[in-house]
Amino acid sequence: MTPKRKRLWLLLGSMGVLGAALALVLVSLSDNLVFFYSPTQVAEKSLPPDRRFRLGGLVEPGSVTKEDQGQVTRFRVTDTRRSIEVVYRGLLPDLFREGQGVVTEGSLSAGGVFLAREVLAKHDETYMPPEVAKALKDAGHWRDGAKK
Amino acid sequence: MSGYLAMGGHAFFVWGSYAVAVVLLGGLTVWSLADRRRLRREIEARGLERRR
Amino acid sequence: MSRPAANLHFLANPARFRRFVARVLPALWLVTAASLAGGLWLALVTAPVDYQQGHTVRIMFVHVPSAWLSMAGYALLAGLGASLLVWRHPLAALMARAAAPVGACFAAICLLTGSLWGKPMWGAWWVWDARLTSMLLLFFLYLGHIALTRAYDNPDRGDRAAAILALVGVVNVPVIKFSVDWWHTLHQPASVVKIGGPTIHPTILWPLLAMAAALLLLFVALVLMRTDSEIDRRRLELAERPS
């Protein structure tokens, strides 16, 4: 075995060990690397009230209502299987829309309502001009191409 | 024209992004060129022939 | 013995590399300048606004190519690191020294433009989700590489240490790429490099690819030119050292 070949195998071996170690760390940490929980995960975890976490999903269409002269927003976050009611006082980001992704931070009340302290909009990975979006909607092909 | 420059009310964010890119990449290019010129002058001053 | 990238092998000889650079670089700068002008025209003038994000979609034309190049740049550092440690290529260490600041620059642009895009669209300058955090880690890995190459009196030792860091740190690159698929993140999943093809309308995709090509040319031009400078710097250092 030439020195070069030896160094090559040494390198490949260490990279393999390193990759395996990283995979183990990531798998064991996977729960902590999650930025938000979906309504279904929240229901399964049965998180105690006042424990702060992030809840993410889609803003359920038709669920958004305003109270207190528009300063308080009430809406439901859904993952299409389960949904959780959210109350939020404050300014909403530009992209907060019904049917769009949202990530909120806060805690559950004793009554199971999520009291949000912060609302962030999460958009999807599709980009297109408004005319194309309109044409797709008119033709009834909306989101055909956006399915993963 | 002014409507375009306003970028739909997000002028700061859109133009800011392009400004960041121009400043960082332009700065890196200018610095790299200046460094290269300085090294070449020094090589010539020391009489180290450049092998061609 | 084995020859990685056999067609590029001739560049491992510094003298030939310099002749190659001298011949290619002027034309490369011209093409780069023309592509940047064309790319910016497409990105800022002809590209339509997005149906959700309006004009802020133009930030993507800088943000996404910078992200790609910073990841590709780190993969390059790892390849050069392997080439230095295994094959002792004389040029690999010098090119790594030349490339690290360029990659760090693109990583910084990615982070800053991402912040400027996140504030109006998401409602936050920064969040600690897996995508953003792993990208910040990449920026620090670049800084670590730059620091290590300059940390020793004997430049060879710095080159070796930095090569090892590049090989260890490169595992972060696939983590960045797949973070949006592996974990819930605020950052949206991939739009261009994904199974099933891009989810970007061609009128927005082409300006993105044009900017990516232009910035790739700039990356290559900067790395070639800076590697040439690193050869000069090493020669000066060797001349100063009493042998």
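The values are calculated or read from the model by the stated rules, or taken from the named source; none is laboratory data. Just so we're clear, the structure is a prediction, and the values are computed from it rather than from any experiment. Cβ placement follows ideal geometry from the backbone for every residue including glycine, while neighbour counts extend to all protein chains displayed. The accessibility values were calculated without ligands, DNA or RNA, using every heavy atom of the protein model including side chains. Shrake-Rupley method; radii C 1.70, N 1.55, O 1.52, S 1.80 Å.
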_Count of the stretch A:114-129 residues which are more than 25 Å from A:T73 (Cβ to Cβ) and either assigned to a strand (DSSP E or B) or among the hydrophobic types (A, V, I, L, M, F, W, C) (or both)_ = 2
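Are any of the residues in the stretch C:93-101 within 14 Å of chain A (Cβ to nearest Cβ) and in contact (Cβ under 8 Å) with a residue 12 or more places away in the chain?
Applying the first criterion (within 14 Å of chain A (Cβ to nearest Cβ)) to the stretch C:93-101 yields none.
Scanning the stretch C:93-101, I find no residue that is within 14 Å of chain A (Cβ to nearest Cβ) and in contact (Cβ under 8 Å) with a residue 12 or more places away in the chain, so the answer is no.
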*Which condition number does C:V86 fail, the rest of (1) open to solvent by less than 10 Å² (accessible area, probe 1.4 Å); (2) in contact with a His (Cβ under 8 Å, 6 or more places away or on another chain); (3) without any contact (Cβ under 8 Å) to a residue 40 or more places away in the chain being met?*
(2)
*asked:* If I filter the stretch A:1-43 down to residues being touching a strand residue (DSSP E or B) at 6+ places or on another chain (Cβ under 7 Å) and more than 10 Å from every other protein chain (Cβ to nearest Cβ), which single residue comes out as surrounded by the fewest Cβ atoms within 10 Å (Cβ to Cβ)?
replied: A:V42
*Which one of the conditions (1) over 18 Å from the mean Cα position of the chain (by Cα); (2) aliphatic (A, V, I, L, M); (3) over 25 Å from B:G26 (Cα atoms); (4) away from chain A (no Cβ under 12 Å) does C:I231 fail to meet, given that it meets all the rest?*
(3)
*A:R51 being assigned to a loop (DSSP other than H, G, I, E, B) and out of contact with any helix residue (DSSP H, G or I) (no Cβ under 9 Å at 6 or more places or on another chain)*: yes
*Which residues, taken from the stretch C:181-202, are open to solvent by 60 Å² or more (accessible area, probe 1.4 Å) and either more than 28 Å from A:R54 (Cβ to Cβ) or not in a loop (DSSP other than H, G, I, E, B) (or both)?*
C:D181, C:W182, C:G196, C:P198, C:P202
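More than 10 Å from every other protein chain (Cβ to nearest Cβ), assigned to a loop (DSSP other than H, G, I, E, B) and over 30 Å from A:R54 (Cβ atoms), is that true of C:A162?
On the way: more than 10 Å from every other protein chain (Cβ to nearest Cβ): yes; assigned to a loop (DSSP other than H, G, I, E, B): no; over 30 Å from A:R54 (Cβ atoms): yes.
In short, no.
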*Only one of C:A75, C:A43 is under 30 Å from C:R18 (Cα atoms), assigned to a helix (DSSP H, G or I) and out of contact with any His (no Cβ under 7 Å at 6 or more places or on another chain); which?*
C:A75
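Conditions (1) outside any strand (DSSP E or B); (2) of a type outside the set (D, E); (3) on the phi > 0 side of the Ramachandran plot, marked per residue:
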position: A:G62; (1), (2), (3): yes, yes, yes
position: A:K66; (1), (2), (3): no, yes, no
position: A:V77; (1), (2), (3): no, yes, no
position: A:V86; (1), (2), (3): no, yes, no
position: A:R97; (1), (2), (3): yes, yes, no
position: A:T104; (1), (2), (3): no, yes, no
*Filter the stretch A:65-109 down to residues that are touching a residue at least 24 places away in the same chain (Cβ under 8 Å) and charged (D, E, K, R) and give me whichever is most open to solvent (accessible area, probe 1.4 Å).*
A:R81
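Out of curiosity, is C:L138 buried (at least 24 other Cβ atoms within 10 Å of the Cβ) and of a type outside the set (G, A, S)?
yes
Condition first: within 14 Å of chain B (Cβ to nearest Cβ) and within 20 Å of C:S229 (Cα to Cα). Now tell me which residues in the stretch C:69-89 satisfy that.
From the stretch C:69-89, those within 14 Å of chain B (Cβ to nearest Cβ) are C:69-70, C:73; that's our starting set.
Selection gives C:G73 alone.
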*Within the stretch C:54-90, track down each residue that is touching a Leu at 6+ places or on another chain (Cβ under 7 Å) and closer than 16 Å to C:L205 by Cβ.*
C:R58, C:I59, C:M60, C:F61, C:V64, C:P65
*Looking at C:V31, C:V57, which one is open to solvent by less than 30 Å² (accessible area, probe 1.4 Å), assigned to a helix (DSSP H, G or I) and either of a type outside the set (F, W, Y) or without any contact (Cβ under 8 Å) to a residue 24 or more places away in the chain (or both)?*
C:V57
*Quick one: A:G62 ticks every box in (1) open to solvent by 50 Å² or more (accessible area, probe 1.4 Å); (2) not assigned by TED's automatic domain parsing to the domain that holds A:S109 bar one, so which box is it?*
(2)
